[in-house]
1. Would a scan of segment 103-124 turn up a residue that is free of Cβ contacts under 8 Å to residues at least 12 places away in the same chain, assigned to a strand (DSSP E or B) and farther than 30 Å from residue 200 by Cβ?
2. Residue check: is residue 191 more than 26 Å from residue 141 (Cα to Cα), surrounded by 15 or more Cβ atoms within 10 Å (Cβ to Cβ) and in contact (Cβ under 8 Å) with a residue 24 or more places away in the chain?
3. Run down 201, 197 and say which single residue is part of a loop (DSSP other than H, G, I, E, B) and in contact (Cβ under 8 Å) with a residue 40 or more places away in the chain.
4. Name the residue, out of 248, 217, that is in contact (Cβ under 8 Å) with a residue 12 or more places away in the chain and assigned to a strand (DSSP E or B).
5. Within segment 214-229, is even one residue over 20 Å from residue 113 (Cα atoms) and over 22 Å from the mean Cα position of the chain (by Cα)?
6. Identify all residues within segment 88-118 that are under 14 Å from residue 132 (Cβ atoms) and surrounded by fewer than 18 Cβ atoms within 10 Å (Cβ to Cβ); write none if there are none.
7. Run down 135, 178 and say which single residue is at pLDDT 95 or above and over 21 Å from residue 224 (Cβ atoms).
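The values are calculated or read from the model by the stated rules, or taken from the named source; none is laboratory data. In this text, all values refer to a predicted model and were calculated from it rather than measured experimentally. Cβ placement follows ideal geometry from the backbone for every residue including glycine, while neighbour counts extend to all protein chains displayed.
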């Protein structure tokens, strides 16, 4: 009991230290259908219940005037039978039968452009955060976890929508998980213009022409690994890359043809 309390104290202390240096993340990192692999066993690489800890994320800045950043983010994730909470997004499974399941989906998308961050962005409208809600479904096959998901802005910020078609290919060996995944993200014109490089007529300048992304389709790939050190501690590494639709990568604001993010973290299984 004493050692358990000490371990929990260490976890809370580490979380508090990370909280002092945390800044809002703008990374497009998704843990896929990791929750479908959760179990209560002591060596499961995806434990059922709450995990508290922190993750360090680094990746490519989306806009030309901005530099790449490193984010240290504390937090909590939860893998329940029906509720799954992953920091900025959550699922609630309202139907599970055999290999098929359906869920309600919610996400807080952080703002990702502030004209005060660089003189080159002067005159741009600030891109604020929004709340997105939607639905999705999973289907489990012998070789892949298939996911389809659609969500829409419900706060009136971008008034846009996005849809994801995804397949994860998990390999589980004792306390180790290796899960590559691939899919495609479809964004409406309003969503893509607001968060992915659109320039309205009122934002255009002599060096920054107006730009309409239209509806975009972007292939994506990811790799997620987790390792259960022991009953109480777990490590995670995630890598995500998106190949931008041509109308995003050719935007006068965007500096890359795609977007790479990677993160590594450690957590205490509560």
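1. Our first condition is that a residue be free of Cβ contacts under 8 Å to residues at least 12 places away in the same chain; within segment 103-124, this holds for 115-116, 122.
From what's left, assigned to a strand (DSSP E or B): none.
Within segment 103-124 (the criterion being free of Cβ contacts under 8 Å to residues at least 12 places away in the same chain, assigned to a strand (DSSP E or B) and farther than 30 Å from residue 200 by Cβ), the answer is no, since none of the residues qualifies.
2. Numbers: more than 26 Å from residue 141 (Cα to Cα): yes; surrounded by 15 or more Cβ atoms within 10 Å (Cβ to Cβ): yes; in contact (Cβ under 8 Å) with a residue 24 or more places away in the chain: yes.
Answer is yes for this residue.
3. Numbers: 201 fails: in contact (Cβ under 8 Å) with a residue 40 or more places away in the chain.
Within the list 201, 197, the selection yields 197.
4. On the way: 248 fails: assigned to a strand (DSSP E or B).
Going through 248, 217 in turn, the sole match is 217.
5. The answer is yes, given that some residue of segment 214-229 is over 20 Å from residue 113 (Cα atoms) and over 22 Å from the mean Cα position of the chain (by Cα).
6. Those that are under 14 Å from residue 132 (Cβ atoms) and surrounded by fewer than 18 Cβ atoms within 10 Å (Cβ to Cβ): 89, 90, 104, 106, 108, 110, 111.
7. Numbers: 178 fails: over 21 Å from residue 224 (Cβ atoms).
Of the residues listed, the single one that is at pLDDT 95 or above and over 21 Å from residue 224 (Cβ atoms) is 135.
Matching residues to (1) surrounded by fewer than 17 Cβ atoms within 10 Å (Cβ to Cβ); (2) in contact with a helix residue (DSSP H, G or I) (Cβ under 9 Å, 6 or more places away or on another chain):
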position	(1), (2)
220	no, no
224	no, yes
228	no, no
232	no, yes
241	no, no
248	no, yes
254	no, yes
260	yes, no
263	no, no
